Every structure is written in C-alpha cells, then in structure tokens.
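Notes follow the structure.
The values are calculated or read from the model by the stated rules, or taken from the named source; none is laboratory data. Owing to the predicted nature of the structure, the values given are computational and were not obtained by experimental measurement. Methodologically, a virtual Cβ is constructed for each residue, glycine included, from the backbone with ideal geometry; neighbour enumeration extends over all protein chains shown.
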Amino acid sequence: MAAFSRNLIVLAAFAAICPEITAAEAPSIAAEDGSRAAVNTAPRVEVSGTRSRKATAGSRMELAVQEIPQAISVIDESTLRDIAPRVLDEVADYVAGVDREAVQGNPYGISFYIRGFNTAGNATTINGFRDYGFNTPQNAVNIERIEFLKGPASVLYGGGGALSGLVNIVTKQPLTTAQHRIEAAAGSFGYRNLTLDSTGPVDQAARVRYRLTAAVEQDGNFVDNTSQRSRFLSPVFSFDVGTATTLDVELIAQDVDRPGREPYFMRFPDFLRIPVTTQLGDPAHPDGDGGSLTRYSGRAELRHRFASGLQLRQAVYANKVHSDDSTIQPTSYNASTGVLSRRVRAVDEYQRERYSQTELSGEGRTGPIRHKWLVGLELGRQETGYAFTVAPFSPVNIFNPQPGERQGPLTVPFPASDSKAKTEALYVQDLMTLGGGFKAMVGARWDRLESTSGDRGTSPKPQTDTELSPRLGLIYETSPRDAFYLSWNRSFRPNLGLDAGGAAFKPQHGRQMELGWKGEPVDRLQTTVAVFEYQRENVLTTDPSNPERRITVGRQRSRGLELEAAGQLLPGWRVIASYGYLDASITRDNVLPVGDQLTGAPRHTVGLFNRVDLGVRGLSATLGLSHASARPSGIPNDPAGPLTAADVELPAYTKVDAGLVYEYGAFEGRLIGRNLTNERIYDGYISTFQPRAPRSWELRLAWRH
C-alpha cells in the first residue's frame, strides 16, 4: 500500500504539468469486441485478417501499429489456432528477425534469438510484466495474442530483460457474452491434449464477468524413452467496481512433469549424423528420470477513468516457479571412438517475481500539437537461485546408446547460488501529432537496479546500476493506412555476478537506428519494411579458461532487412509472409575473431503461412513453409574440444507443414501435419544444440458454443 501511495503522489504531480485534457477530447471508452464493460480502459485489439492492427508492447498504450516507430509483429488467437504450435516458440518460424533458441528440457518454456542475439528467456513479458520465459512455462490456451517488439525495449520495460527485443504475451480476458470451447487432440509420439476455454457474465447486468481456461497434456516428446505431462488452470474475473472503475483478477497455476533439462547435442559433426530421436541420457535410471516444475502467478489490475478523461492503471503481479530435476548430461566427447562422457546432474531451482506498476495516461493539446501521453512508475523484486549436485555416470557410444550406471557418489561441485534484483523506475512517453502528416514519439525511462549475486549463505555486496533509456521516433503518415518512420533507441541490461577477479561486471548497452515503412498496399494486407543497425557491448559469454565463469566481450553488431505482410491477400486467402536478412557479427574483441557470425543468426530466413478456403462450405487448407540458412553452432570462445564454430554449422533447412480445417456449426476439426519432408532441424543454445521433432501428425476436434 505504501508503494502504491507513493506512486500515486508522483503521478498526480506529473499530471498537473501534462497537456490540458478536456472531456470532449477524451477517447471513447466503449469496448469494440464485447470483452469489457463500457468503462474498460485496458488495451484491446482490433483484428484484421491474421494479424492485430493494434498492439501494446511498443507503447504500453493501445496504438495503431503504424503509430509505433519500431517493427512489431503480432500473432493473434486465430492465427495461433491455425498454426497450432505444439510448443509456443514455433510461431517464430513466421516472424522476420526472430529465430527459435533451444530451451533445454523445458518443452513449455520459450526463448528466442531476436535480430541475431539470444534472449535466454529474458525477453518475455506477460501482460507487460517481466516473466522469465526460460523457466516459466506457458500454455497457448489462455493467450489472446503474442507481440514481438524487435529492437531495444528498455524505454518502457527497463533493464531486466534482453536488449534486442521483447516478446509480450497478452492473456485472454472475460467477455460480456457467454462463449465456450472445448478441444481434444491426439497425435504422434503418444500426444494427447484436452483444453477448455469458457467465458461470460456472472450476473445479469454483466458487471461481474469470468474466464476459465484449462489444459491437460501428456507426452508428445519425440526423443526416445521420454515422456512429459502438464496441467494448467487459469481463472480470471472482471468486476465493475463503479461506473468508471474496473478490477481484473487473474490467477495461473501449472505443473509440469518433464524429462529434465538435458540431454543436448554437443558441437561435433558426429551429432549431426545420429537420429534426432536419440536419447543420450538414461531416463529409466533413478538418477536420470527428469523432474517437476510448478508455477503459480497472480495479477490484479485496477483501472479508473476520471471525468477529465485521465486514465489511471494500478497493477500488481507475482510469479513463483520451482523446478527440481535429475538428469544425465554429456560432459565431453571423443570423436575418434564415438564415446560420450556423462555425469548425473541434479538441480533444485527457484524463481520469484513481484512487480507493481502505476500508470497515468491521457490525451490533450499544447497549441496545435495533439498529445497521447503516458507516465508510469514501476517497483519490482526478482529472486532466483539454484543448487547443484553431480556424480560421474558411465559413458555411452552415441551411435549405440545403452543404459548405464552411476560411478560415484553425488557431490556438490560449487556452492548453491542466489541472486536478487530490486527495480525502481519512472518512465514517460508522448506521441505528438505535429500536423502535415508528421508525428513524433519521445520517451525515456530512468532505472535504478540494485542486484546481488553470490554463494548461498553469504552476504555479497549489492551492485547498483542507474541508467536512462531514451527513445526518439519520427513518423510521416502519407495516408491513414501508410506511414514511414525513423527511430533511435538505447537500452541497457545489468550483467549480474562477478568476474574471475571478483569485480562486478559492467552492464550491457545497446543502441539501434531503424528506418521503416508500414502500410496496406492491398486492402486488409498489413505490410512492414524495416532496415536497422543494432549494436551492443559488454556481452557475457563463457570464459574460455574456466567454463564455470563468464567474461564480457567487446562489441557485437547486427544489421538487417525485414519484410512482413499479413492479412487477406484475396477473398478466402489469408497469409503471413516474412523475409529477413541479417548480418550479425563481432566487430571488436580481444579474444574473438572480428567478423565472425554470431550463434543462431542465419543470414536468410523465410516464412510463409497460408489458409485458403477450398470452396466447399466450412473446408479450408493450411500450408506453412519456413526456411533458414546455415548458421554457426557457437562462437569460438565456447569451444567443444578442439573444434570451433567454423567446424560445426547448424545446417540450413526448409520445413513444410500442412493441414485441413473443417468447420460446421459448433463443430471444428483440424488435421495437421508437421515437418512433412522429415527435415533435420537444429536449434542452438550457447555452444550446444538440440534437434526439432521429425515428421508428425495431429488431429484436433473442438466444440464451441
């Protein structure tokens, strides 16, 4: 309560000097999609074709995509249903500038490479709150849309995440009209899934509304002798507290029985020759039977509209994740014999986040200039920790893996570690309509981050980072549907921990210049063209002299071109098309060769997803194509034995998916085929990589009312 009161006082002071707002100028509060009562001020989205025409990730406000001077891709609920991803990060196949990053052993986590830089799950937010996606499981059943903001996001989201972009998950909210959907699915590798999505009013006046999503999933992992299970439940309630006040309360609970974090493939050519289904661990052994992960989170959000048109949003979010697993992982490989050395590794890990956001927004004028402005305060705490035990395990020949045995007692290789971070931030943003088709977006966020990281039971000295993250953008609208833009962003992220000498790491810094165009050359076909140069420095990588430590390297840069089109190409034909060209390389370093391409950064990517009505009532076909050129499996200071990234490339691939959709009344059926050509596809993570699933099939049957 004290934090909220302090936030409210500061915001009230800021509001006093903001552009004057009159009730006549206040935006309409009527909900377009029936999802809220008339007092709703939360961001909702107008959908056209396969993409949302509005997004919130780039501005924390509901703005048209062409009003945001930065490339944004939005995958909405209907597109998610058509793609039907078995794991959420599959949607990256159709987003320019975004590639999948291996999430070792957590089939429900999400992580990406954005414009050539890995996020390690740090780029994920849920409803605008930081949410570590590497550990935090996600389920598609409660997702309204996924927003990909490409480029620095510190101006609004601070230094707690990745510098190269942001992936915001927006969850489904209660509707004023009753809707219900239940779906059952079955497919290859023993996959079974059952989901529920039910919403509607609780009372006759619809002043109280609910939404309940739930899912039960089992198996579906293509690796030999591997199984998994997930249970998910999320109730949401919306209350009209008064004529201008709405309260949302959302809870999420999920538990996962998973096969453990590993086994992964090591960076040797031999691993590209074994079947992608090869099990290099020993899940039948008590030391390698995987483990469990549980997640509990809650969000409460209060929104109030004042008579003057000002809008107040106060939201709090808490997330708690705990995982405990035991698995058998590779440690080294002998290329002359094909023998892989292994060890048992048991890890107990926790993650906790608590955030408060207080925002005031409105519209107004100063002379001839119109303003859409936002000011916010964020307070947050994040805690993570882990403890390891290890033991030698019998080696295995990767071409003929057999069960093994532990060869020694479990020991503690190094002390358990805990990290804490405290956030205090103020952010401001103003979208100004200047006249003559010109608009300008200016914003800045001031962060004070206090963090500690060290051995459990010790009292390490706090590390404090204070940074200002600005953004400048200029927009020129040639028509209501077309706009050119130019933007400059700067961001930062603390490097937690200490180097080998005991000194705190310098923070990472990034800055980006971007030029682009957004428009609709064909009615209902939204198109984006963007060229950019992004540069970051003080990036952490593995220390070549000590794999348990990390170092900050020099400077890395990515340049690229992104083309995207999404919507209705012709009546009955909806499409997502994307192309990305990326040159992501090392530009300055005292260890790494200048010019080396970065891990997981293909120079060329192509994505194409189609849904076409076949002329028979209710029958449609889907076809998805995705391609990525070859890319390095690691950078040279993460060597696997004597090899470097130049010796082992992740091969180029072209993936083909297809399906049939039949809709008749309340019934909906889908037959889905994935990777129909049985392509070998690998995703990297630091200096290891993991295969994707071979050819698979899936049948989904749904009833809706």
ask   = Got at least one residue in segment 208-220 being more than 17 Å from Gln173 (Cα to Cα) and modelled with pLDDT under 90?
value = yes
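On the basis of being surrounded by fewer than 17 Cβ atoms within 10 Å (Cβ to Cβ), within 21 Å of Phe134 (Cβ to Cβ), under 24 Å from the mean Cα position of the chain (by Cα) and at pLDDT 95 or above, does Tyr317 make the cut?
no
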Q.
Can you find a residue that is under 25 Å from His509 (Cα atoms), of a type in the set (Val, Ile, Thr) and touching a strand residue (DSSP E or B) at 6+ places or on another chain (Cβ under 8 Å) anywhere in segment 160-167?
A. yes
The residue from Ala307, Ala284, Ala300, Ala253 that alone is out of contact with any Lys or Arg (no Cβ under 9 Å at 6 or more places or on another chain) and modelled with pLDDT of 95 or more is Ala300
Among (1) over 16 Å from Val65 (Cα atoms); (2) touching a Phe, Trp or Tyr at 6+ places or on another chain (Cβ under 6 Å); (3) buried (at least 20 other Cβ atoms within 10 Å of the Cβ), Arg493 falls short only on (2)
Yes or no: Asp93 modelled with pLDDT of 90 or more, within 16 Å of the chain's Cα centre (by Cα) and either more than 30 Å from Leu377 (Cβ to Cβ) or in a helix (DSSP H, G or I) (or both)?
yes
If we keep only residues of segment 259-281 that are among the charged types (D, E, K, R) and within 19 Å of Val390 (Cα to Cα), then the residue modelled with the highest pLDDT is Arg261
Within segment 204-234, the residues that are touching a Lys or Arg at 6+ places or on another chain (Cβ under 9 Å), in a strand (DSSP E or B) and not hydrophobic (A, V, I, L, M, F, W, C) are Arg209, Arg211, Thr213, Glu217, Gln218, Arg229, Ser230, Ser234
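Considering Tyr108, Tyr113, Tyr94, which residue is closer than 27 Å to Arg354 by Cβ, touching a residue at least 24 places away in the same chain (Cβ under 8 Å) and either surrounded by fewer than 23 Cβ atoms within 10 Å (Cβ to Cβ) or of a type in the set (Ser, Thr, Tyr) (or both)?
After applying the criteria, what remains is Tyr108.
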message: Tell me yes or no: at least one residue of segment 304-325 is charged (D, E, K, R), touching a residue at least 40 places away in the same chain (Cβ under 8 Å) and in contact with a Gly (Cβ under 6 Å, 6 or more places away or on another chain).
response: yes
* Taking the stated definitions as given, is Leu175 in contact (Cβ under 8 Å) with a residue 60 or more places away in the chain, more than 26 Å from Phe239 (Cβ to Cβ), touching a strand residue (DSSP E or B) at 6+ places or on another chain (Cβ under 8 Å) and not in a strand (DSSP E or B)? -> no
Condition set within 30 Å of Asp287 (Cβ to Cβ) and more than 21 Å from the chain's Cα centre (by Cα), scope segment 343-359, selection surrounded by the fewest Cβ atoms within 10 Å (Cβ to Cβ): answer is Asp348
Those residues of segment 120-154 that are part of a loop (DSSP other than H, G, I, E, B), in contact with a Phe, Trp or Tyr (Cβ under 8 Å, 6 or more places away or on another chain), more than 21 Å from Pro235 (Cα to Cα) and among the polar types (S, T, N, Q) come to a total of 1
Modelled with pLDDT of 85 or more, within 27 Å of Phe438 (Cβ to Cβ) and either surrounded by 21 or more Cβ atoms within 10 Å (Cβ to Cβ) or basic (Lys, Arg) (or both), is that true of Gly58? no
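Can you pull out the residues in segment 211-234 that are farther than 17 Å from Leu293 by Cβ and either surrounded by fewer than 17 Cβ atoms within 10 Å (Cβ to Cβ) or in contact with a Cys (Cβ under 7 Å, 6 or more places away or on another chain) (or both)?
Asp224, Asn225 - these are the residues of segment 211-234 that are farther than 17 Å from Leu293 by Cβ and either surrounded by fewer than 17 Cβ atoms within 10 Å (Cβ to Cβ) or in contact with a Cys (Cβ under 7 Å, 6 or more places away or on another chain) (or both).
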If we ask which residues in segment 140-172 are polar (S, T, N, Q), surrounded by 23 or more Cβ atoms within 10 Å (Cβ to Cβ) and at pLDDT 90 or above, their number turns out to be 2
Of (1) surrounded by fewer than 17 Cβ atoms within 10 Å (Cβ to Cβ); (2) touching an Asp or Glu at 6+ places or on another chain (Cβ under 9 Å); (3) part of a strand (DSSP E or B), Ser238 satisfies every one except (1)
Within segment 499-529, the count of residues that are surrounded by fewer than 14 Cβ atoms within 10 Å (Cβ to Cβ) and of a type in the set (A, V, I, L, M) comes to 3
- Task: Inspect all residues belonging to segment 684-695 and state whether any of them is over 25 Å from the mean Cα position of the chain (by Cα) and either of a type outside the set (Gly, Ala, Ser) or modelled with pLDDT of 95 or more (or both).
- Result: yes
Looking across segment 659-705 at residues that are in contact with a Ser or Thr (Cβ under 6 Å, 6 or more places away or on another chain) and not hydroxyl-bearing (Ser, Thr, Tyr), the single one that is surrounded by the most Cβ atoms within 10 Å (Cβ to Cβ) is Gly684
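Residue by residue, here is whether (1) closer than 24 Å to Ser356 by Cα; (2) not small (Gly, Ala, Ser) holds:
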residue: Val412; (1), (2): no, yes
residue: Ala421; (1), (2): yes, no
residue: Gly436; (1), (2): no, no
residue: Ala440; (1), (2): no, no
residue: Ser459; (1), (2): no, no
residue: Gln463; (1), (2): yes, yes
residue: Ser469; (1), (2): yes, no
residue: Phe484; (1), (2): no, yes
Looking across segment 417-441 at residues that are surrounded by 16 or more Cβ atoms within 10 Å (Cβ to Cβ) and aliphatic (A, V, I, L, M), the single one that is farthest from the chain's Cα centre (by Cα) is Met432
Subject >> Asp647 in contact with a helix residue (DSSP H, G or I) (Cβ under 9 Å, 6 or more places away or on another chain), in a strand (DSSP E or B) and modelled with pLDDT under 95 >> reply: no
